[in-house]
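Data block below; observations after.
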Amino acid sequence: MKLQQSNIEFYQEHGYLIVEDVFSSDEIDALSIETETLLKNPNDALVHEQDQHTVRSINGPHFVSQTMNQLMRTPKILEPTKQLLDGDVYLHQYKINTKRAFDGDVWEWHSDYWFWHKEDGMPEPEALTAVIFLDDVNEFNGPMCLIPKSQNYRLSDELHSRPYGAQDGGENWQITTAKELKYKLSREFLAQMINTYGIKSAQGKKGSVLFFHSNLLHSSSYNSSPWDRRGIFISYNRVSNCLLEMPSPRPEFLASRNFTPLI
Ligand code: SIN
Ligand code: MN
């Protein structure tokens, strides 16, 4: 799939792009079945909600599933990603967020790049995430909320309110993906950004794909509906922007150090 120039310009300006009907309903059914199968095989890379039993994220599904491994190479995602990042890319992170009916919990406001920079040594925000919607996403099942144009804003330690440091080290990776996030943006800063740029609710039918910039501020709320909001999150980084050495890196299933370009 190739994007039109107008799509690329929309992404560059707003920091996101939603493309509908990228995957057929048969393809989504197959990916859904694979997701549910993966959920039945617990491993160290699974993250749970605070109730301790509902799965929140399946990290690194490409290591254990041929289907998920092939998906990260599909031209439906890879071609637009290369257009949007303007160069060769490799896989940085891969996860499935399940946001289950009634139990799926909040993701606090954050920029992915801030985590990837601080935790993984990513030099510049030259990465993006493609989210494949496995379910219809509506206003009730915890859609992702985006602050358009926020990708252009350089973050700093001062804009974060939670003192962090005690939980440093790749072995403490859970706090970088849990409900209470390690890097918590100050409310004053968020209010200023939202009052300036507004909030876009990223809704769409299953089979749609949301591409969003690695520095775009985003969050999502509790799923108060009887409908799951499952999404496959595939994050790509430009090969020219590969990770620097870190003293205590996060596990490979959260930050890949295999910088081989995907073709
Ligand atoms: C994320 O920020 O990584 C996930 C957000 C969501 O699943 O709503
Ligand atoms: Mn995120």
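Rule-based calculations on the coordinates, nothing more; no lab input. Here the structure is a predicted model, which is why all the values come from computation and not from measurement. Note: ideal-geometry Cβ built from the backbone for every residue, glycine included; neighbour counts use all protein chains shown.
Applying 1/(1 + (r/R0)^6) with r as the Cβ-Cβ distance of I175 and E124 and R0 = 22 angstrom yields a FRET efficiency of 0.35. Rounded, prolate or oblate: which one fits the chain, using the alpha carbon gyration tensor with axes a ≥ b ≥ c (rounded when a/c is under 1.5, else prolate when a/b beats b/c, else oblate)? Rounded shape, in that the Cα axes give a/c under 1.5. Placing R0 at 41 angstrom, the Cβ-Cβ distance between T196 and Q66 gives a FRET efficiency of 0.35 after rounding to 0.05. Would you please classify the overall shape of region 77-217 from the alpha carbon gyration tensor, given that a ≥ b ≥ c denote the square roots of the eigenvalues, rounded means a/c under 1.5, and beyond that prolate means a/b larger than b/c while oblate covers the rest? In terms of gyration-tensor shape, rounded.
Counting only residues at least eight positions apart within a chain, or on another chain, the lysines with an alpha carbon under 16 Å from that of K184 are K118. In the elastic network of the chain, a GNM with C-alpha springs shorter than 10 Å, the most mobile of D103, D112, D168 is D168. In plain terms, the chain from E27 to V239 could stretch by 73.4 nm, reckoned as 0.36 nm per residue minus the Cα-Cα distance.
Using a Förster distance of 35 angstrom, determine the FRET efficiency expected from the C-beta separation of E36 and E158, and round it to 0.05. The pair E36/E158 has a calculated efficiency of 0.20. Separation of region 38-78 from region 202-252 is 13 Å, based on Cα centroids. Spin-label model, E188/H48: points 7 Å from Cα along the beta carbon direction are separated by 3.9 nm. Here the contact order of the chain, divided by its residue count and restricted to Cα pairs under 8 Å and six or more residues apart, works out to 35 percent. GNM on the chain, alpha-carbon springs under 10 angstrom: the most fluctuating residue among R187, R100, R238 is R187. What does the charge dipole of the chain about its Cα centre add up to, to the nearest 20 debye, if the Cβ of each Lys and Arg holds +1 and the Cβ of each Asp and Glu holds -1? My answer is approximately 140 debye. Backbone amide hydrogens, once placed in the peptide plane, bring H92 within less than 5 Å of S235, Y236, N237, excluding anything fewer than 5 places away on its chain. Give the shape of region 154-217 as rounded, prolate or oblate, defined through the alpha-carbon gyration tensor: a ≥ b ≥ c are the square roots of its eigenvalues, a/c under 1.5 means rounded, and otherwise the shape is prolate if a/b is larger than b/c and oblate if not. Taking the square roots of the gyration eigenvalues as a ≥ b ≥ c, region 154-217 is oblate. The GluC sites (Glu not before Pro) of region 167-263 that meet both conditions, a loop assignment by DSSP and at most 12 other Cβ atoms within 10 Å of the site Cβ, are E180, E245.
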